[in-house]
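To start, the structure under review is shown below, and the notes come after it.
The values are calculated or read from the model by the stated rules, or taken from the named source; none is laboratory data. Because the structure is predicted, anything quoted here is derived from the model rather than measured. All Cβ positions, even for glycine, are placed from backbone atoms using ideal geometry, and neighbour counts span all protein chains on display. Please note that ligands, DNA and RNA were not included when accessible areas were found on the heavy atoms of the full protein model with its side chains. Shrake-Rupley method; radii C 1.70, N 1.55, O 1.52, S 1.80 Å.
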Amino acid sequence: MRRGTIRLITVLATAAVTTGLVAGCSSKNQVPSIGYAVDAAVASYNGGSTLGASSGAAAVFGRVLTGFFYTGPDGQQVADTDAGTAKEVPGETQTVQYRLNPDGVYSDGVQTSCDDLVLAWSARSGRFTRPGDRGPVPLFDAASTAGYADIERVDCQPGSKDATVVFRPGRHYLPWRTLFTATELMPAHVVAQAVGVPNVVNALQTGDGAVLGWIADFWNSGWAMKPGGLDLTKFPSSGPYRIESFSAKDGLVLVANEKWWGSAPETSRIVVWPKGTDYAAKAKENALGVVDLGAGSVSDLKLDGFEEQTIASRSAEQLVLATGGVFGPPEVRRAFAQCVPRQALFDTLGKAGEVPQSGLGAGPLNAHVVQQDSLYYPAVIGAADRYRGADIPAATATLASARAAQPTVRIGYLAPDARRAKTVAMIAESCRGAGISVVDAGAPDFSPARLSEGAVDAVLGGTAAVPGPAGSTTGVAAFAALRTGSGLDVGGFANGRYDAITDQLAGEANSTVTLNLLTEAENLLWAQLPSIPLFATPRIIAFGNGMQNGIAGPTQAGTGWNMDRWVLQR
């Protein structure tokens, strides 16, 4: 069972137990709650879609939509045997057998089934397309196709608890445990009901164009979320919590799922306060029990009585650049990188109070896709030396070589965010000397998609441009965010050699070959500069008075990764 999978570290406090107790405004029985502040944007229930992945669905719905694996507090993939079991079968062709828990049932009473796996694979594989002006366009707006595109077929009898996933001949996807995970296994029966078919398995196998379009349309946007009235029939849960309501006033209210077959959650009601919340006000109201926010992002936040830490996260704070418009010429991107004061940004804004012995967060981040605590990191970062600090003469010369007009760079991010506003201000001050004007384009309704729309020239965010919790040890999202055609590739970067490297790395077990490939990838990325890494994003993670079983999760799953074990001592 999941309770015993990871040792629970107890966070104890001795002061009054009122912190984190909020009246259940949307609950008829006024059930006491634990308030959870997290800077995920909450825009979609579907963590596999571009919208869901880029708004932090994994940090909010990990205990609402379960999968065969989840991201643990160190960024590792952990098996969730409450959801089911996954076993790799020996053989020449990579094959994985999945078996959903026989007792598994959604909160609406419908059994979990392999239909959910078929839907996930179909949506994430890139196999369904429509004609476009520049070639085929994917029907499904998937965050990435990493791993799923390597699957040849998913053998599934509609309604069955068993599925056999067979990969393409000659392909072996090493991080296969990142497939069919929490927040990515969506309720296929909801899609079937919405489009009017008996099941999605047969509909996807027959390939009827109109039906495929309807399925894709629902998968893309049918689970979009905005504060206000939700049609809860579209949002059934497969985890210990289900959605009760979502409003700007009362937050995202999660309550115990009566149909949950595993260990009952220790606390029956969690109120999630997402990005856009006045966190300082909620803290003053004693409405918070757990806080997981970007360090320095809320300038007036006071967590009296909390046990808090500032810790380097798995997320890479970075600037994701457009590869068109003002940044079309690579020389302009290089000039901009040369004037960005990376060392000063780290010294002023990027240092974490607690740096793991591994070295994560020990200095500026000098790699795009390789993490600081990787054994490969010291050997692959040589190309970053020319961009360590602001070199205004070099930036001026590089810009002159491009024969381009002095550019204006609009940097967007999800506001309000005091640390990111300071980041933009420091960059603007530095780059002004090179003739590059920088404009703060942060906005409360900002999304990374603004970059691909041409509304901004750069996004300031974490791994894959996510505004809140992000990152994992596998780094799948980091690699995918720079791959041609990926939904997370908001900057439109396209490089065939980089794509080939990522494909090879996904199945490469030889450490020498891996090192050579990673070195080549980093050299290529520092030459092309689709993004500028800054530092490991520091996060404030705090537990209020009386909180137990809280474990910091500085990853894409956030500290809410084990919210069903949280206890507030009364």
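Overview of results
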{"read-out": "Residue within the range 123-130 that is open to solvent by 10 Å² or more (accessible area, probe 1.4 Å), touching a residue at least 12 places away in the same chain (Cβ under 8 Å), touching a strand residue (DSSP E or B) at 6+ places or on another chain (Cβ under 7 Å) and not in a loop (DSSP other than H, G, I, E, B) present", "value": "yes"}
{"read-out": "Conditions (1) touching a residue at least 24 places away in the same chain (Cβ under 8 Å); (2) open to solvent by less than 40 Å² (accessible area, probe 1.4 Å); number of the one not met by ALA256", "value": "(1)"}
{"read-out": "Tally of residues being more than 27 Å from ALA182 (Cβ to Cβ) and either without any contact (Cβ under 8 Å) to a residue 24 or more places away in the chain or assigned to a helix (DSSP H, G or I) (or both) across the range 473-514", "value": "13"}
{"read-out": "Top-ranked residue of the range 79-113 - restricted to ones that are part of a loop (DSSP other than H, G, I, E, B) and open to solvent by less than 20 Å² (accessible area, probe 1.4 Å), ranked as nearest to ASN257 (Cα to Cα)", "value": "TYR106"}
{"read-out": "Residues located in the range 297-309, provided they are open to solvent by 40 Å² or more (accessible area, probe 1.4 Å) and either more than 23 Å from ILE270 (Cα to Cα) or of a type in the set (Phe, Trp, Tyr) (or both)", "value": "SER299, ASP300"}
{"read-out": "Inter-residue pairs, beta-carbon under 7 Å, first at positive phi and in contact (Cβ under 8 Å) with a residue 12 or more places away in the chain and in the range 213-232, second open to solvent by less than 40 Å² (accessible area, probe 1.4 Å) and outside any helix (DSSP H, G or I), 6+ apart", "value": "GLY228/SER247"}
{"read-out": "When residues of the range 208-239 are limited to those that are of a type in the set (Ser, Thr, Tyr) and open to solvent by 60 Å² or more (accessible area, probe 1.4 Å), the one nearest to THR81 (Cα to Cα)", "value": "THR233"}
{"read-out": "Filtered residues of the range 57-80 (kept if over 13 Å from the mean Cα position of the chain (by Cα) and among the β-branched types (Val, Ile, Thr))", "value": "VAL64, THR66, VAL78"}
{"read-out": "Pair list, Cβ < 9 Å and 6+ apart or interchain, from the range 132-145 residues that are among the charged types (D, E, K, R) to residues that are open to solvent by 10 Å² or more (accessible area, probe 1.4 Å)", "value": "ASP141/THR50; ASP141/LEU51; ASP141/ASN220; ASP141/SER221; ASP141/GLY487"}
{"read-out": "Residues that are open to solvent by 30 Å² or more (accessible area, probe 1.4 Å), farther than 17 Å from PRO533 by Cβ and in a helix (DSSP H, G or I), drawn from the range 331-381", "value": "GLU331"}
{"read-out": "Options THR181, THR164; residue that is touching a strand residue (DSSP E or B) at 6+ places or on another chain (Cβ under 7 Å) and assigned to a strand (DSSP E or B)", "value": "THR164"}
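Condition check ((1) open to solvent by less than 10 Å² (accessible area, probe 1.4 Å); (2) among the charged types (D, E, K, R); (3) in contact with a Lys or Arg (Cβ under 9 Å, 6 or more places away or on another chain); (4) not in a helix (DSSP H, G or I)) across all residues:
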residue	(1), (2), (3), (4)
ASN516	no, no, no, no
ASN523	no, no, no, no
TRP526	yes, no, yes, no
PRO533	yes, no, yes, yes
THR537	yes, no, yes, yes
ILE540	no, no, no, yes
THR555	yes, no, yes, yes
